[in-house]
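As structure tokens, the structure follows; a few thoughts come after it.
The values are calculated or read from the model by the stated rules, or taken from the named source; none is laboratory data. Bear in mind that the values here come from a model prediction, so they are computed numbers and not experimental data. In case anyone asks, the SASA skips ligands and DNA or RNA and just uses the protein heavy atoms, side chains included. Shrake-Rupley method; radii C 1.70, N 1.55, O 1.52, S 1.80 Å.
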Amino acid sequence: MKCPVFEGPGCAVLRRTDVLWSAGVFTGPVDNTVSAVLHAVESDDWTAFAKLVHPYVHWTEDGVTTRGRTRVMALLSGHDGVKPADSYELRDGQVYRWTA
């Protein structure tokens, strides 16, 4: 598969257009990886989160980007929840970019 933004195998850039996240339930189609990331953060399962997120992840919320899995885990562990992605990129089944 050819990624429209970055070259590489297993790369996908997806935009969330008809998905709504409310009270732990999606109302619309969503990638299983994204659903698992949201669930891992909500349940404080950082081992599962680490398996789902690329080591060099770029995590952007409200225009501020945090890079690196351990830095993102530290950021999110201090939050009450995670904002659903407006767009995200998967590489080899892991979240590489998350923009909310």
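Using the Karplus curve 6.51 cos²θ - 1.76 cosθ + 1.60 with θ = phi - 60°, work out ³J(HN,Hα) for each residue of the range 38-52 in order, rounded to whole Hz, and write x for Gly and Pro.
With the stated coefficients, the range 38-52 comes to 4, 5, 4, 5, 4, 9, 6, 9, 6, 5, 5, 4, 4, 6, 8 Hz.
So who's got an amide H within less than 5 Å of the one on Val82, skipping anything under 5 residues away but keeping other chains? H placed 1.01 Å off N, in plane.
none
Given a 1.4 Å probe and every protein chain left where it sits, what share in percent of the accessible area of the range 37-100 is carbon and sulfur?
Exposed carbon and sulfur together represent 47 percent of the surface.
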